[in-house]
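Colleague: Just passing along the structure, written as structure tokens.
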There are 2 protein chains.
Amino acid sequence: MHPLRLRLLLVLVLALFPAAAWSLARPRFPVPHPRTLPGLGANGVGDYEYETRYFRQRLDHFSFPGVGDEDEAAAFFQQRYLVGRRGGWAGPGGPIFFYCGNEGDIAWFAANSGLVWEAAPRFAALVVFAEHRYYGESMPFGSKAKAYNDSKSMAYLTAEQALADFAVLLTDLKKNLSAEASPVVLFGGSYGGMLAAWMRLKYPHIAVGALASSAPILQFEDIVPSTIFYDLVSDDFRRESLSCFLTIKDSWKVLYDQGNEQDGLLKLSKTFHLCQTLKTSDDLSDWLSSAYSYLAMVDYPIPSEFLMPLPANPIKEVCRNMDSQPEGASTLERIYAGVNVYYNYTGTVGCFDLNDDPHGMGGWDWQACTEMVMPMSYSEDRSMYPPYKFDYASYAEGCIKSYGVRPRPHWITTEFGGHNITMVLEKFGSNIIFFNGLLDPWSGGGVLKNISESVIAIVAPLGAHHIDLRPATPEDPDWLVSLRESELKIISGWLSDYYGARGPLFQPVAVKGSSAS
Amino acid sequence: MHPLRLRLLLVLVLALFPAAAWSLARPRFPVPHPRTLPGLGANGVGDYEYETRYFRQRLDHFSFPGVGDEDEAAAFFQQRYLVGRRGGWAGPGGPIFFYCGNEGDIAWFAANSGLVWEAAPRFAALVVFAEHRYYGESMPFGSKAKAYNDSKSMAYLTAEQALADFAVLLTDLKKNLSAEASPVVLFGGSYGGMLAAWMRLKYPHIAVGALASSAPILQFEDIVPSTIFYDLVSDDFRRESLSCFLTIKDSWKVLYDQGNEQDGLLKLSKTFHLCQTLKTSDDLSDWLSSAYSYLAMVDYPIPSEFLMPLPANPIKEVCRNMDSQPEGASTLERIYAGVNVYYNYTGTVGCFDLNDDPHGMGGWDWQACTEMVMPMSYSEDRSMYPPYKFDYASYAEGCIKSYGVRPRPHWITTEFGGHNITMVLEKFGSNIIFFNGLLDPWSGGGVLKNISESVIAIVAPLGAHHIDLRPATPEDPDWLVSLRESELKIISGWLSDYYGARGPLFQPVAVKGSSAS
């Protein structure tokens, strides 16, 4: 369950929509539940060889504890990182491909970021995947229970501290490998892509460039319209089927009306094959809204097991199921038929447990309640959701109630910028690729236009959330194969620039399929 | 007195030089003792009109306190800043000239940074001088006594926190002035120059460029030779007079030999007109070494009252005094005659109180013991000091003993870079001027060569510590007038670029003396 969202709903949204208490979904990036880690080696999830290592990392890079406090276990934690030499590293001086871990288990990101592994042998690059603090095994204070204990223990879960972790780790790693001269190329998807872009901007002395995939670095304050995320989700559905879009748009009122009837929650629970009877209609609308958001993020043209086992073009499949119900089917029966594709594509689920939120309450909720304040609204016409306007005061109240912490909504743009990004970066910074797939609702907060000759936007009209990073499969469409090659060609250029007169240490980028490993 | 330095001396340097315990001076940037603030309006110290304001600043930008802790006074402090509209500001959209305060009272930096004030009217710029946390009136915890209480209270005195202060202050200030579109130009001298350069690199969205004057951003780790600072001090003396240089070089052994004799310390105290009898020879050698370092920093071609009232070309004067003593004068009598120019140019001091260290123990010592670890050695031949090799272990031991804090010698280069700066920044970053005067020993850690078309080094062979920033005087040599014009012309270019098609809001840079105010 998701207490913050629930409380927000109960307190605020009810006030706005007294007739129908609409769910204010705060979308998260797609990160799997630890228990549902997809099987490796299947459907574009790679099984790569690496060594698991740990680095003694400072909990707070930006203050100096007294020597007495410094010895306490609390001042340091073990950061996990994975090191792979797929196809052999060129050795000291050879490139290092560094994945900036995001909000989850790093092994999962490693398994799902095939591009890094598949490209490495062609550049004779060392591969490093670094886990983000407070996720996976990289827990301060020795355990997740202790790390997530209260606002005091959570205080150091920030992007700035995570970037400093990466900087310190890379500096130490290069020294230990006598690889001070090795150029580092950063990779990251989603929040990890934001970190990769910010890392290149803040630590140009540590990395020569960054591939920031599906990184919504502009999804803050008023830089992009707060409605854009859910508008894009809605567009994805309308694109497949107008009737599907309209069914969903109509469904919210039907759902809440039914929920308000006598035995309405019981009826809803039966319609949706829930294991337990619903406590509120919000629980259901939240569950549905989550499915739509994630479906939009992973609307890949090939089957995937990124979050859930899903067919190719899953939204098309969802809509087909909704639309193909018998003529007399009710709106909610159609909805059920649709989301069943998402939550139960394998057909093995007997009933759905809404309490078993596969994305769990975790660090990201806390991050969203501190610095990662991404305003989200529902527009009236373009979206398939009931109108809702983001209200910061309510948002803050929810955070204070749930986590005892007050968000700082202006901090990310103060620290990392975002407003007028073209003007700011056109003569500043270099060597960043911003990839976005336009089906991905997070593309609304992404950089979609070239900023300069070397701060480049690559846009895939038919791509979804960081599809470029996913392991290659034989079914990959040509545009995907070709855009990956374009990215590697640009990265190759950064490395050539770096090596300059020394000549490339790595093999030239080969054409499709001719990996040099 | 300077406990850290003393302890370092007693513990370590004695071990290295058993015969003569040489002072290992850790040079500081020139900052005056609060009680000896020079009179305004005299000898190149300006008396500029401004309003004093305070901004509620967060003590720790990089963690999130719980809401309970947040309300405590300890989580915030009042940062002082000065706002001037000399000659009139163009208003919202017009430029803002922002001085990045360094380790001292901001009013003193305002009085001594005439260039900012004198240039402002020509650009119709608003002038802001922001005080650095833990200095002047900008004290966390309500008072200097509480702020400087222990390593816990000092923990947030870091350059990263100070830069974040500037970023938050500027963002808020621009919003309050409806001046979000105003381009900000950063200024700073010495440590303030380091902050200005780093601020442009880390916060390009907040400032369009930086004039970093005498900013030794390379004085870390092994980027420049650790002997360079004292070699340059020595060069300044040898340049004026070889015999002066040799007298100083010989004096240390004489001083310590005499100090070791019976009644030697008493004799030394008399020779040097000290108010109290010396407790150790180190106190004296330290006092002398300080004078030489500061003399080299402020070896200006015009009279100044930057640290002490001094004549033009003070080293020339010191050496003339040493060399012109009667033939039978002893080495130490000559030394006394020399440093008397520095410590008593006005001739009003009856005796010298070595305990009254005019530069006091303060925040900078703490900063030097945490992140600002600048290794300093004495070379054998080029320097006029006894050979000494920087020893990090001893340095750290001194810091732990004095402040209970362990330095992080690799942190500054990890956070801000420095190694291979040309390669790193030639295609990254823009709009920074690094000014250095080659007489200034801090120029050894400065950027002395152009990095790119817009990351530019301006070098004045006859200039000393941030002479460009000092208020203009009628005696200024032509090269100084002309280099200031060059700097303003470059800044004018940044602003033109920024305003682009809108056309400049400000008056073109005028020729010497024709200020538009």
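Taken together, the values in this text are just the output of simple stated rules run on the coordinates, not laboratory data. Just so you know, these numbers come straight off a predicted model, no measurement behind them. Virtual Cβ from ideal backbone geometry, glycine too; neighbours counted across all protein chains shown.
Colleague: What's the local net charge at B:Val341, with K and R +1, D and E -1, over the other residues with C-beta under 11 Å away?
Modeller: Details: positive: B:Lys316, B:Arg320; negative: B:Glu317.
Net charge in that neighbourhood comes out at +1.
Colleague: Going by average Cβ density within 10 Å per residue, which order do the peptides A:387-395, A:58-66 take, highest to lowest? If you can, show how the numbers build up before the last one.
Modeller: Values: A:387-395: 15.6, A:58-66: 21.9.
Highest-to-lowest ranking by the protection proxy: A:58-66, A:387-395.
Colleague: Per residue of A:206-217, what is the mean number of Cβ atoms on other protein chains within 10 angstrom of that residue's Cβ? Display every interim value, and only then the final one.
Modeller: Details: counts 5, 0, 4, 1, 0, 0, 0, 0, 0, 0, 0, 0.
Shielding by partners across A:206-217 averages 1.
Colleague: Continuing with this model, one more query. Among A:Asp476, B:Asp468, rank each residue by its count of other Cβ atoms within 10 Å, from fewest to most, as a rough exposure measure. Could the numbers behind the result be given before it?
Modeller: Values: A:Asp476 19, B:Asp468 24.
Ascending number of Cβ neighbours within 10 Å: A:Asp476, B:Asp468.
Colleague: Taking a threshold of 22 Å on the Cα-Cα distance, which of the pairs A:Lys389/A:Lys449; A:Lys449/B:Lys174; A:Lys427/B:Lys202; A:Lys253/A:Lys389 fall above it?
Modeller: Values: A:Lys389/A:Lys449 28 Å; A:Lys449/B:Lys174 27 Å; A:Lys427/B:Lys202 14 Å; A:Lys253/A:Lys389 18 Å.
Exceeds cut-off: A:Lys389/A:Lys449; A:Lys449/B:Lys174.
Colleague: Let me ask something else. Work through the residues other than B:Phe55 whose Cβ is under 14 Å from its Cβ and net out their charges, Lys, Arg +1 and Asp, Glu -1. Let's see the in-between values first.
Modeller: Details: positive: B:Arg53, B:Arg56, B:Arg58, B:Arg80, B:Arg133, B:Lys174, B:Lys175; negative: B:Glu51, B:Glu131, B:Glu137, B:Asp165, B:Asp172.
Result for the neighbourhood of B:Phe55: +2.
Colleague: Taking H placed 1.01 Å from N in the peptide plane, check which residues at least 5 places from B:Asn313 or on another chain put their amide H under 5 Å from its amide H.
Modeller: Those qualifying (amide H under 5 Å, at least 5 residues apart or on another chain) are B:Tyr300, B:Ile302.
Colleague: Sort all Cα-Cα distances of the protein assembly as shown into consecutive 10 angstrom bins from zero, then give the percent of pairs in each bin up to the one containing the longest distance.
Modeller: For the protein assembly as shown, the binned pair fractions read 2, 10, 19, 21, 18, 13, 8, 5, 2, 1, 0, 0 percent.
Colleague: What share of the DSSP beta bridges in chain A is antiparallel, in percent to the nearest 5?
Modeller: Values: 14 of 40 bridges.
Expressed as a percentage, antiparallel bridges in chain A total about 35.
Colleague: Moving on. For chain B, what is the charge dipole size about the Cα centre, in debye to the nearest 20, if Lys and Arg each add +1 at the Cβ and Asp and Glu each add -1 at the Cβ? Write out the running numbers ahead of the final one.
Modeller: Details: 42 positive and 57 negative charges, 144 e Å.
The calculated dipole for chain B is roughly 700 debye.
Colleague: Rounded to the nearest 5, what is the percent of antiparallel bridges among the DSSP beta bridges in the protein assembly as shown?
Modeller: On the way: 28 of 80 bridges.
So the antiparallel bridges amount to about 35 percent of the total.
Colleague: Still on this model: Relative contact order, percent, of chain B when contacts are C-alpha pairs under 8 Å separated by at least 6 residues?
Modeller: Numbers: 1006 pairs, mean separation 106.3, N = 517.
Result for chain B is 21 percent.
Colleague: Also: Along the charge dipole of the protein assembly as shown, pointing to its positive end and built from +1/-1 on Cβ of Lys, Arg, Asp and Glu, which listed residue (B:Gly445, A:Leu170, B:Trp411) has its Cα farthest out?
Modeller: Final value for the positive-end residue is B:Gly445.
Colleague: Need the C-alpha centroid separation for region A:385-425 versus region A:230-302, integer Å.
Modeller: So the separation of the two Cα centres works out to 26 Å.
Colleague: Using Cβ contacts closer than 10 Å as the measure, can you line up A:Ser289, B:Ser324 from fewest to most? Present the calculation step by step, with values, prior to reporting the outcome.
Modeller: On the way: A:Ser289 25, B:Ser324 10.
Lowest count first: B:Ser324, A:Ser289.
Colleague: Provide the net charge surrounding A:Ser492, with neighbours chosen by a C-beta distance below 12 Å and charges set as Lys +1, Arg +1, Asp -1, Glu -1. Write down the numbers at each step before the final one.
Modeller: Numbers: positive: A:Arg122, A:Lys489; negative: A:Glu485, A:Glu487, A:Asp497.
So the surrounding residues net to -1.
Colleague: Could you list A:Ile302, A:Ile412 so that the one with the fewest beta carbons within 10 Å of its beta carbon is first and the one with the most is last? Don't skip to the answer; put the middle values down first.
Modeller: Numbers: A:Ile302 18, A:Ile412 24.
Arranged by neighbour count, lowest to highest, A:Ile302, A:Ile412 become A:Ile302, A:Ile412.
Colleague: Let me confirm one metric for peptide B:404-415, namely the mean number of other chain beta-carbon atoms within 10 Å of its residues' beta-carbons.
Modeller: Working: counts 7, 7, 6, 1, 4, 0, 4, 8, 0, 3, 11, 11.
Mean number of neighbouring Cβ atoms from other chains: 5.
Colleague: Taking the mean number of other Cβ atoms within 10 Å as a proxy for protection, how do you rank B:445-452, B:127-134 from highest to lowest? Don't skip to the end; give the middle numbers.
Modeller: Working: B:445-452: 18.8, B:127-134: 27.0.
Those peptides, ordered most packed to least, come out B:127-134, B:445-452.
Colleague: Translational diffusion coefficient of region B:170-216 at 20 °C, 1.002 mPa s, Stokes-Einstein with Kirkwood Rh over Cα pairs, in µm²/s as a whole number. Walk me through the numbers on the way to the answer.
Modeller: Working: Rh = 10.8 Å.
Result for D is 199 µm²/s.
Colleague: To the nearest whole number, what is the average tally of beta carbon atoms from other chains within 10 Å of the beta carbons of peptide A:196-204?
Modeller: Numbers: counts 0, 0, 0, 0, 1, 7, 5, 7, 7.
That works out to 3 on average.
Colleague: Another question about this same structure. Between the helical axis of B:159-176 and the dominant principal axis of chain B, each derived from Cα atoms, what acute angle in degrees is found, rounded to the nearest 10?
Modeller: Once rounded, one gets 30 degrees.
Colleague: Give the peptides A:459-466, B:188-195 in descending order of average Cβ contacts within 10 Å, highest first. Don't skip to the answer; put the middle values down first.
Modeller: On the way: A:459-466: 22.0, B:188-195: 29.0.
Sorting A:459-466, B:188-195 by mean packing, highest first, produces B:188-195, A:459-466.
Colleague: At 4 °C and 1.567 mPa s, grab the translational diffusion coefficient of region A:51-119 from Stokes-Einstein with a Kirkwood Rh over Cα pairs, rounded to a whole number in µm² per second. Working shown, then result.
Modeller: Working: Rh = 14.6 Å.
In µm²/s, the coefficient rounds to 89.
Colleague: In whole Hz, what ³J(HN,Hα) sequence does region A:136-147 give by Karplus (6.51, -1.76, 1.60; θ = phi - 60°), x for Gly and Pro?
Modeller: After applying 6.51 cos²θ - 1.76 cosθ + 1.60, I find x, 9, 8, 9, x, 6, x, 7, 5, 4, 6, 5 Hz.
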